[in-house]
Amino acid sequence: MSILVYIEQDQGKVKNSSLEAISYGAALAEKSGGKVSVLGLGSVADEDLDLIGQAGADAIYQVADERLNSGVIQAHAYMVAQVYDLVGANTLVLAKSSLGDAVAARLAIKLNAGLVSNVVGLPDLSAGFVVKRSIFTGKAFVETGIEAENKILAIKKNTHPIKTDGAVVPVEKLTLDLPDTVFAAKITDMEKASGEVLLPEADIVVSGGRGLNGPENWGMIEDLAEALKAAKGCSKPVSDLGWRPHHEHVGQTGVKVAPALYIAVAISGAIQHLAGVNASRYIVVINKDPDAPFFKAADYGIVGDAFEIVPKLTEAIKALKQ
Amino acid sequence: MNILVCITHVPDTTSKIRFTDENTQLDKAGVQFIIGPYDDYALARAVEIKEQTGGSISVLNVGEAETEPTLRKALAIGADEAIRVNAFPRDAHFVAKQIAHQAKEKSYDMILMGRESIDFNGGMVHGMVGELLGIPSISPVMKLEIEGNTAKMAREIEGGKEFIEVGLPFIAGCQEPIAEWKIPNMRGIMSARSKPLQVVDAVSADPRTATKTYELPAPKGEVKIVADVDQLVQLLKNDAKIL
Ligand SMILES: Cc1cc2nc3c(=O)[nH]c(=O)nc-3n(C[C@H](O)[C@H](O)[C@H](O)COP(=O)(O)OP(=O)(O)OC[C@H]3O[C@@H](n4cnc5c(N)ncnc54)[C@H](O)[C@@H]3O)c2cc1C
Ligand SMILES: Nc1ncnc2c1ncn2[C@@H]1O[C@H](COP(=O)(O)O)[C@@H](O)[C@H]1O
């Protein structure tokens, strides 16, 4: 297979989910025979380019057109399609994300490809091409066959380890035609928390619920998140009430996370909240109600008052890290 | 504004998911079906836009006869007409071809969809239809205002949002807080009965993927309740090997 991996960057840094996608591509190339080309759009920091090679790229292409730095869906799709043809790819791999999904869908039409999203493992190639994907918001999986010649796989976060032993590869800069028509949707402004761990990318998430009573009580959540280098999340009522920004809302109708550790503070564990966190490797629940449903989905739990427990936990973690 | 809203017919968010026929079919016994929650946001915003600008709302579902009560509910919420493309929605590509075909016949000012369906969670159909029709597709959209022939929207990105302007027509994959879900009132329910629900044949389109066997995740082990934070930190360090 000739594999092209489309990667995303955040403020010049390659996202971890994209490094996972490259590593997935490398494993697929090894399994099927073939090579992995990686495409970065916009500017990527030089030291990060090394990580791309280490994750298993055989070739790296970059289109450093500044217009591509932000997520212009049609422009990205147009560019990826050109490079896909240029390198003679027959499979496109990318990380599932809000941009990745939108770009992949347009590419499925452009490339006449079969697209599978939420992929959680390498394909079975013994009878065609069959991959497992997560469905029903993490409540089930399904084996899905791709029947088209061209294939697109959107990989779910934290389902494939990042490879670090690949060789450093030189970057080839491409200058390709990019017509104005693909910028019909104009980005006029952007609002973005800077210096924070991105929630969908995070290895550890600390999340707070309505039991915390108000936004003025989020200081202790922030302290714990900082001590753990974690991203912050919240339940739906918390963002509905405007206590926290919407992009922190986790669950069925919010962000789906898949960290190594999810710490839920004063969240009851409604099924719609669990739908967004059920892919976490470990779940810790802190709740004063021993019958809170979240305990059933947890690995570890503490029954008690969050206002006492959370500051103590932050201290204990700081002590451990010293 | 003439608005097309595409809705899914999916198990309620509280449903327990099970499979039958040797894990090749969803077990529908005891499952309540609803309008997909993201599609419900799209519909709610369409109703608000229509209140401001006038026009008409069509709702569309690609599905078999069982989805009609869900389309009726959308009519009760405020859509003016419903279209059911009579086919099993075999995959996203198949569905996108049907929607694009219907949209080509009529000229809608905008097509609103959900950010993703909650059964297959692909988040793909809006982008596919956008490409098939050659118009912009934006998702996930959390704010949408129409000013003349321009749509102004906020698209959620990781850690924040992007503000986007696009001319009509366009496609948006919607999510909260674009609007508040609307609950049908008595008058809506009554009038829904007499609103048109048209059943049309599917156009031919090759599905490009095929679902084979389903599988449930491994059951979760017992929770370990600990007495204090020191014990928790030890477990996270020594057993989970995270800290
Ligand atoms: C279609 C649909 C989609 C939805 N999508 C989502 C979603 O994406 N995400 C989501 O989160 N919800 C979602 N919901 C809402 C969901 O059903 C719950 O209402 C919501 O998750 C409850 O939030 P909560 O746990 O923060 O609040 P509550 O249910 O009010 O729970 C508060 C918890 O805090 C505990 N508590 C209170 N004080 C303390 C204290 N001092 N110390 C420790 N514990 C304390 C209480 O014991 C309680 O368990 C959705 C609902 C629907 C119908
Ligand atoms: N069978 C269907 N009929 C009508 N609209 C659909 C159908 N499937 C998906 N859609 C629309 O496409 C959106 C994205 O779906 P998906 O790509 O399956 O996640 C949904 O929120 C709906 O608005």
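Only the coordinates and a few stated rules stand behind these numbers; no lab work does. Keep in mind it's a predicted model, so treat the numbers as computed, not measured. Every residue, glycine among them, receives a Cβ derived from its backbone with ideal geometry; neighbour counts consider all protein chains shown.
The figures follow:
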read-out	value
Greater than 24 Å apart at Cα, pairs in A:139/A:256; A:157/A:186; A:110/B:212; A:236/A:256; A:96/A:236; B:161/B:220	A:157/A:186; A:110/B:212; B:161/B:220
Of B:148, B:9, A:178, farthest towards positive along the dipole that unit charges on Lys, Arg, Asp, Glu beta carbons give the protein assembly as shown	B:9
Chain A, relative contact order in percent, only Cα pairs under 8 angstrom and at least six apart counted	14 percent
Neighbourhood charge, 12 Å Cβ-Cβ cut-off, centred on residue B:148 and excluding it, Lys, Arg +1 and Asp, Glu -1	-3
Per-pair calculated FRET efficiency, R0 = 51 Å: residue B:22 and residue A:85 via Cβ, rounded to 0.05	0.80
Residue B:168 paired with residue A:11, simple spin-label distance in nm, labels 7 Å along Cα-to-beta-carbon	3.9 nm
Alpha-carbon centroids, the range A:225-281 and the range A:27-76: separation in whole Å	30 Å
Amide proton proximity set for residue A:190, modelled H, under 5 Å, gap of 5+	B:163
Average beta-carbon neighbours from other chains, 10 Å sphere, peptide B:147-159	5
Shielding of B:162-171 by partner chains, average beta-carbon count, 10 Å	4
Assigned charges on the beta-carbon of Lys, Arg, Asp, Glu; the range A:176-322 dipole about Cα centre (debye)	340 debye
Crossing angle, helix B:68-77 versus chain B [Cα axis fit, 0-90 degrees, rounded to tens]	70 degrees
Anisotropy class of the range B:73-207 from Cα gyration tensor, a/c 1.5 cut	oblate
Virtual spin-label span in nm between residue B:105 and residue B:88, 7 Å along Cα→Cβ	2.3 nm
On Cα atoms only, tilt of A:98-110 relative to the major axis of chain A in degrees	30 degrees
Inter-label distance, nm, simple model (7 Å from Cα along the C-beta direction), residue B:228/residue B:181	4.4 nm
Net length gained if the chain between residue A:186 and residue A:149 were fully extended (0.36 nm per residue, minus Cα distance)	10.0 nm
Computed E for residue A:296/residue B:189 - FRET, C-beta separation, R0 30 angstrom, nearest 0.05	0.20
Cβ crowding within 10 Å averaged over residues, with A:67-73, A:217-223 ranked highest first	A:67-73, A:217-223
Beta bridges by DSSP in the protein assembly as shown, antiparallel share as percent, to the nearest 5	35 percent
Over chain B, relative contact order from alpha-carbon pairs under 8 Å, at least 6 apart, %	24 percent
Whole-Hz ³J(HN,Hα) from phi, Karplus 6.51 cos²θ - 1.76 cosθ + 1.60, for the range A:36-50, glycine and proline x	10, 9, 10, 10, x, 9, x, 8, 10, 4, 4, 5, 6, 4, 4
Phi-based couplings in Hz for the range B:7-12 (Karplus 6.51, -1.76, 1.60; Gly and Pro marked x)	10, 9, 10, 9, x, 3
Cβ neighbours within 10 Å from other chains - mean over A:110-117	5
Given A:13/B:16; A:192/B:50; A:35/A:173; A:173/A:232; A:15/A:132, the pairs whose alpha carbons are separated by over 29 Å	A:13/B:16; A:192/B:50; A:173/A:232
Estimated vicinal HN-Hα couplings, Hz - the range B:218-235 in sequence order (Karplus 6.51, -1.76, 1.60; Gly, Pro = x)	4, x, 6, x, 5, 6, 9, 8, 10, 7, 8, 5, 5, 5, 4, 4, 4, 5
Centroid-to-centroid separation of the range A:290-317 and the range B:40-75 [C-alpha atoms, Å]	43 Å
Interchain or long-range residues, amide H under 5 Å from residue B:27's placed H	B:18, B:19, B:20
Residue-span extension gain [residue A:67 to residue A:213] - 0.36 nm each, minus C-alpha spacing	48.2 nm
Label point 7 Å beyond Cα of residue A:59 along Cβ direction - residues of the range A:20-46 with amide nitrogen under 15 Å	A:34-40
Of every Cα-Cα pair in the protein assembly as shown, the percent that sits beyond 37 Å	31 percent
